[in-house]
1. Once the Cβ-Cβ distance between LYS109 and ALA187 is put in as r, and R0 is 45 Å, what FRET efficiency do you end up with, to the nearest 0.05?
2. Which lysines have a Cα less than 19 Å from the Cα of LYS186, not counting those fewer than 8 places away in the same chain?
3. Could you give the accessible area per residue of the stretch 158-268, probe 1.4 Å, as a whole number in Å²?
4. Considering only the other residues whose Cβ falls under 15 Å of the Cβ of LEU196, what net charge follows from Lys and Arg at +1 and Asp and Glu at -1?
5. Using the beta-carbon distance between ILE314 and GLN59 and R0 = 56 Å, what value does 1/(1 + (r/R0)^6) give for FRET efficiency, to the nearest 0.05?
6. Could you pull the accessible area for VAL207 with a 1.4 Å probe, rounded to 10 Å²?
7. On a straight-distance basis, which lysines could pair with LYS69 in a cross-link, Cα separation under 20 angstrom, same-chain partners fewer than 8 positions away excluded?
8. Relative contact order (percent) for the stretch 185-284, with alpha-carbon contacts under 8 angstrom and 6 or more residues of separation?
Amino acid sequence: MKKSMFILLLLALSASSFTESFVQAEEAQQVTKASVKLTLSQAQQWARSNSFSLKEAQQTIDRNRINLKNAGKNLDFIPAGAGNGEEDAASSSAWKGYASSTVSYLESKKQIELAQDQTDYTAMKNYYDVLLADNKVKSSEDALSLALLEEKAAEAKANRGKISPGDQSTIIQTRIEAQKNVDIAKAALQKALDSLNTQMGQSQGTVYELVDRPAYRKMDNTNLDTLVTRAISASPSVWRQEEAVKLAKMEVKYYTWNSGTDDYEIKQIDVDSAEGGLKNTKDQLAESLKSIYFNLQQNDEQYEQMQSNLQNAIKVLDISRKKKGTWICHRYGGRHESVKSEAN
């Protein structure tokens, strides 16, 4: 649960942009000529199976497991504390080596969890990029259809001398630009599909019907300090620094005099350095999380405002349609009565 909270906080800023991009669309569009239904979960599953990073992460776990096993074989006993001479140095070195191997093994297990989250996030981004690109194709095609109608209307006006050559040229240029935008949008859609297929390890050219759509969810009113504390507790970077402090303190506790190792004072300095690194990591992470949190709040406000603007625009459009219908009814109804009276 803690890990999920941490990952969500780190990724939520980027992920929120996906939801905002869909605000102005009346409904999500499906990929043209879709032949394969694809859920986000399935896309992420294929992406994990095809991920080289995850394969490497698993190999690192296996390697560190073997190293830990071998380090345990070299461990005769756990030293009680500081020693003196080469023999105590060997025992101390074996114990510290075992502790270091344990940290490496545990860290590699945490790293693969992080790699899985990163793979899932990239798959989600690629999945939504296809939806965004497909929406762009649809909107650009609509704009082209409108530009073609305007071009035909301009041509008809030109035949009657009702439009200047300059205005007609501008309308034609608008249609040309609209066609270019359609071509660009289609190329972007193909690129997005290729990226998704590549990550999933699927054949290029496969087209999908993406069945999952991003859904907006308002931020919970959770205390910011509580979120930051949870995220720091779940952070692999913080955990790594905490273990570095423990290992540095072990070097002091099990220091062996007269063994040719670094000076005792240097080991103490290493502890101070590790503790400073831990504090710095926590501080930087806290600042980053707070910045993300405040950006998310702004995104929430912008989304709500955009939703409000959309509803107002729909109301205005509805009123405009009703007024237009009334005007047409009055105009043609009156004309019909006039023609009828003249006929009599």
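1. On the way: r = 42 Å, r/R0 = 0.94.
Plugging the Cβ-Cβ distance into 1/(1 + (r/R0)^6) gives 0.60.
2. Partners within reach: LYS33, LYS125, LYS136, LYS138.
3. Details: 6690 Å² over 111 residues.
With all protein chains present, the stretch 158-268 gives 60 Å² per residue.
4. On the way: positive: LYS37, ARG48, LYS125, LYS191; negative: ASP120, ASP129, ASP134, ASP194, GLU209, ASP212.
Surrounding charge for LEU196 is -2.
5. On the way: r = 55 Å, r/R0 = 0.98.
Efficiency at R0 = 56 Å is approximately 0.50.
6. Approximately 40 Å² for this residue.
7. Excluding near neighbours in sequence, the set is LYS96, LYS109, LYS110.
8. Working: 40 pairs, mean separation 23.4, N = 100.
Relative contact order of the stretch 185-284: 23 percent.
The values are calculated or read from the model by the stated rules, or taken from the named source; none is laboratory data. Since this is a predicted model, take the numbers as computed values, not measurements. Because the Cβ atoms are built from the backbone with ideal geometry, glycine has one as well, and the counts that use them run over all protein chains shown. Heads up: the accessible areas ignore ligands, DNA and RNA and are worked out on the full protein's heavy atoms, side chains in. Shrake-Rupley method; radii C 1.70, N 1.55, O 1.52, S 1.80 Å.
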